[in-house]
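The values are calculated or read from the model by the stated rules, or taken from the named source; none is laboratory data. The shown structure was predicted, so the numbers you read here are calculated from the model rather than taken from an experiment. Heads up, the Cβs are rebuilt from the backbone with ideal geometry, glycines too, and the neighbour counts pull from every protein chain shown.
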Amino acid sequence: MSPAKRLELFRRLRAANPAPTTELLYSTPFELLVAVMLSAHTTDKSVNAATRRLFPAANTPAAILALGVEGVKEYIRTVGLYNTKAANLIGLCQQLVQLHQGQVPDSREALEALPGVGRKTANIILNMVFGHSEIAVDTHIFRVANRTGIAPGKTPREVEQGLRAVTPAEFAHDAHHWLLLHGRYVCLARSPRCPDCILRDLCGYRDKTPVRKAPVRRGIAAAVRAAAARSAARADKPAAAGRRTRGTAAPRTTARRGRGN
Ligand code: SF4
């Protein structure tokens with residue numbers, strides 16, 4: 001894909017959703033770290049169902065340590081692999097308390113040393129909490145990058161390096177959310193919604209869904225509008241407004257730095 005097309009692609013994604021956000025619920029850096037860690041190999045919806053109950057009961061490393069592994073399990077049973085994740089969460093909280101004064105560390109090395117935290121989770125925290133322009137390549141971003149041709153690669157790491165190299169600076173911070181949401185709601189793994197895709201003329205995917213076979217389920221425009229509305233609503237609400245606003249759009253983290261647990 002040419003630089004001009006890439007620029008246009010990001011311009012369109014930004015125009016459709018000016019303040020992209022994660023769909024995980026959180027109100028502090030620690031809550032975001034927990035939510036992202038729990039979201040591995042499961043849906044944001046199941047994580048939110050768990051954290052809606054967990055965070056009011058315990059949203060600091062010390063409070064979660066007090067629950068213990070079995071106590072944590074009671075809250076996160078809706079999450080895939082909850083046995084392993086409960087053990088990792090307790091180990092993560094122990095490290096935060098022992099090595100980081102209960103705060104979410106701001107270095108990749110320290111983040112990736114936490115139990116249950118890999119490169120993808122570290123990238124999300126570095127991006128959303130500390131304002132770095134990192135891109136956490138998950139299955140959606142991997143698919144979109146390869147299909148469109150923005151940054152093809154055989155592995156998530158290769159795609160990440162490609163995206164880092166070619167994403168125009170003005171889009172670098174939010175590229176992660178735009179590509180992820182596009183993959184989740186438009187460029188679906190099966191039957192991508194090509195007929196209504198705003199990137200169709202820029203996309204290099206050879207097997208686009210033909211117009212006549214366009215899925216009729218939910219209008220693409222409605223899906224994009226809903227995602228943008230969620231982003232805008234979360235961006236407009238101050239974090240202090242309460243747990244229900246744990247959106248992320250606001251990664252803009254410098255404002256949140258130091259508020260973590
Ligand atoms: S045109 Fe189709 S394959 Fe290309 S990004 Fe859009 S939905 Fe995905």
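Here is a yes/no grid of residues against (1) over 30 Å from PRO168 (Cα atoms); (2) crowded, with 18+ Cβ neighbours inside 10 Å; (3) of a type in the set (Ser, Thr, Tyr); (4) under 15 Å from the mean Cα position of the chain (by Cα):
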| position | (1), (2), (3), (4) |
| --- | --- |
| LEU9 | no, yes, no, no |
| ALA15 | no, no, no, no |
| THR22 | no, yes, yes, yes |
| PRO29 | no, yes, no, yes |
| THR43 | no, no, yes, yes |
| THR60 | yes, yes, yes, no |
| ALA63 | yes, no, no, no |
| GLY71 | yes, no, no, no |
| ASN88 | yes, yes, no, no |
* To do: Determine if the stretch 128-139 includes at least one residue that is under 14 Å from the mean Cα position of the chain (by Cα), within 16 Å of the ligand (Cβ to nearest atom) and not β-branched (Val, Ile, Thr).
  => yes
* Filter the stretch 133-168 for residues that are in a loop (DSSP other than H, G, I, E, B), surrounded by fewer than 16 Cβ atoms within 10 Å (Cβ to Cβ) and either touching a Lys or Arg at 6+ places or on another chain (Cβ under 7 Å) or not polar (S, T, N, Q) (or both) and give the result. => PRO152, LYS154, PRO168
* Taking interchain pairs and intrachain pairs at least six residues apart, which have beta carbon atoms under 8 angstrom, with the first residue in the stretch 188-199 and in contact (Cβ under 8 Å) with a residue 40 or more places away in the chain and the second more than 8 Å from the ligand (Cβ to nearest atom) and hydroxyl-bearing (Ser, Thr, Tyr)? -> ALA189/THR139
* Which ones in the stretch 177-200 are surrounded by fewer than 20 Cβ atoms within 10 Å (Cβ to Cβ), of a type in the set (Gly, Ala, Ser) and under 21 Å from the mean Cα position of the chain (by Cα)? -> ALA189
* Structure fact -> Within the stretch 47-62, the residues that are among the hydroxyl-bearing types (Ser, Thr, Tyr) and within 16 Å of LYS85 (Cα to Cα) are THR51
* To do: Could you tell me whether any residue of the stretch 157-179 is among the aliphatic types (A, V, I, L, M) and within 13 Å of the ligand (Cβ to nearest atom)?
  => yes
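Table: residues versus (1) within 24 Å of ARG6 (Cβ to Cβ); (2) near the ligand (Cβ under 9 Å from one of its atoms); (3) modelled with pLDDT of 90 or more.
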| position | (1), (2), (3) |
| --- | --- |
| LEU181 | yes, no, yes |
| PRO195 | yes, yes, yes |
| ILE198 | yes, yes, yes |
| ASP201 | yes, yes, yes |
| GLY204 | yes, yes, yes |
| ALA214 | no, no, no |
| ALA223 | yes, no, no |
